[in-house]
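I have placed the structure first, in the form of structure tokens, so that the comments after it can refer back to it.
All of the numbers you see were taken from the coordinates with simple rules; none came from a lab. All of these numbers come straight from a predicted model, not from anything done at the bench. Cβ placement follows ideal geometry from the backbone for every residue including glycine, while neighbour counts extend to all protein chains displayed.
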Amino acid sequence: MAGTVRLVPTRSLLVRNIQLLATLDTELGDISDAAIYIEGNVIKWVGASAQLTQMHKNANEIISLSSRVVIPGLINTHHHMFGCLTRCLAQGKDIYISSKLAMVELILSGCTCTSDHLYLYPNDVCLEDSIRAARDVGVRFHPTRGAMSVGKSQGGKAPDSICQAEDVILADMERLIQDFHDASRYSMLRIGLAPHSPFGVSQELMVASAKLARQHSGVRLHTHMAENQQGNDFLRTTFGLTPGDYIKKVGWDRDDVWLAHCCHLDGAEIKQWAHHGIGVAHCPSSNMRLASGICPVRDLLDAGVNVGIGVDGTASNDTGHVLMELRMAMLLQRASGNPKGMSAREALLVGTQGGAKNLGRDDVGRIAPGMAADFVAWRTDGISFAGAQHDLVAALLFCTPGLAPVDLSVINGEVIVKDGRLTTCDLREVIQEHNRRSLALCSHITQQGGDEQLV
């Protein structure tokens, strides 16, 4: 049900003649005419192509990347992949294809590692459906077992029909950790626990989830927090708490927690997040589309809060283009009138090392010896880079709308995209199957008399 674990490559790989390699490593920096040497799934050497040894040149596979810019693989830290089809009318087979399409879209936009927040489990839906998609596509995956347990009859916002009993939720969380969580270095699959929100679950489930996660190395905690003013108002009117008070009360004020959105934090809460090492998944397009507000990313970064990027689900952001999301993050922090609100380099750090830290990883986010072999390349000889050859790294962010998909994607040492084409699945078949299931679901909603807009 959960698919087959991908084998770690046994061959050596040399990527050479890279026009510009932005390692995002403080010691290595940017390297022109660069090379990366990989053994299995680990980077063993990085430097100028002119410094290659005969051993490097004898690699089993050699790829030349002239007219390309290479960066570490981007890391997405908030998504609801089931939303790629429609809303919560889904079955397990639908979760598989919606997750697969979401992952393909992420990969083609430069992502090599992603989380997903699956919190609805109608019909026969289970997290294994998403895990199988990740294994088939080849992405590094951090699925979270989400949950909704407090329905409208108990003062929550969700229909009772989509909520689960909390003992069932906790038992499934424990099962998934035991069956799938891999805390080892270079792991391709780690489980997280993610009760939906303060209005979607009880405080008791938040406490119990944290207790369970901390019994297992590397299991992290995730939820929505301070996304909009209505959410903050709910906390105050229902519990008499602020976001900071709530996080402290349920025991989530620890550095194994990352929270989605955080648009409405006050100065004291920003300091609280920094002091306790709480991370933030910034979702700029979603926040703009839903008029939620603007996350104070500049203030968060200046205070020492870790920030990663999140594309969020398609119910609140109609695309999963992670590089575009970073461009939005950069521009949004400038919209208030501060031209130094966020630089292109800062945005890329948010999208790589910020994401890695949110997910509790120190083996991805940089290109350096000893790091996982996760990196991506774009061609620089197209129209988007015309006139931008002097700063190819900045051009990735400023010129994103005109960029083609990645030319090369290497994940865990395996070539997942080569010459702009996926090597692990047929993109046309994925799109056709996704559209077929999406239309079937939309037709079902119409037949049931659904009066909400489908677009």
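Table for the structure above
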item: Potential extension, ASP419-ASP266 segment - 0.36 nm per residue separation minus Cα distance; result: 50.4 nm
item: Trypsin sites (Lys or Arg not before Pro) within the stretch 300-356: DSSP coil, no more than 11 neighbouring Cβ in 10 Å; result: LYS340
item: For the chain, size of Cβ-based charge dipole, Lys and Arg +1, Asp and Glu -1, in debye; result: 440 debye
item: Of LYS57/LYS357; LYS271/LYS340; LYS157/LYS211; LYS152/LYS211; LYS152/LYS271, pairs whose Cα-Cα distance is over 28 Å; result: LYS57/LYS357; LYS152/LYS271
item: Shape category assigned to the stretch 74-358 from the gyration tensor of Cα positions, a/c cut at 1.5; result: rounded
item: Pair LEU331, HIS275: separation of 7 Å Cα→Cβ label points (nm); result: 3.8 nm
item: Helix 166-180 vs. the chain, principal-axis angle (Cα, 0 to 90°, nearest 10); result: 20 degrees
item: Antiparallel DSSP beta bridges within the chain, percent to nearest 5; result: 45 percent
item: Nearest-20 debye value, the stretch 137-223 charge dipole, Cβ charges on Lys, Arg, Asp, Glu; result: 400 debye
item: Cut-off of 10 Å, at most 16 other beta carbons, DSSP loop: longest stretch of the chain lacking such GluC sites (Glu not before Pro); result: 28-451
item: Rg and Dmax [Cα atoms of the stretch 184-328; Å; Rg one decimal, Dmax integer]; result: 14.9, 44
item: The stretch 214-287, relative contact order [Cα under 8 Å, separation at least 6], %; result: 35 percent
item: Simple spin-label estimate for ILE431 and THR26 in nanometres, 7 Å along Cα-Cβ; result: 4.4 nm
item: Calculated FRET value between ASP255 and ASP172, using beta carbons and R₀ = 35 Å, to 0.05; result: 0.85
item: Restricting the stretch 135-234 to trypsin sites (Lys or Arg not before Pro) in coil, as DSSP defines it, with at most 15 other Cβ within 10 Å; result: LYS157, ARG185, ARG214
item: Near-label residues of the stretch 1-42 by backbone N, under 13 Å of a point 7 Å along Cα→Cβ of ASN60; result: 7-14, 38-42
item: For the stretch 208-343, share of DSSP beta bridges that run antiparallel, in % to the nearest 5; result: 0 percent
item: In degrees, nearest ten, helix 203-213 long axis to first principal axis of the chain (Cα); result: 40 degrees
item: Rounded, prolate or oblate (a/c below 1.5 giving rounded, otherwise prolate when a/b exceeds b/c) for the stretch 74-201 by Cα gyration tensor; result: prolate
item: Relative contact order computed over the stretch 74-358 (Cα-Cα under 8 Å; 6+ residues apart), in percent; result: 18 percent
item: Principal-axis tilt of helix 92-108 within the chain, Cα atoms, nearest 10 degrees; result: 40 degrees
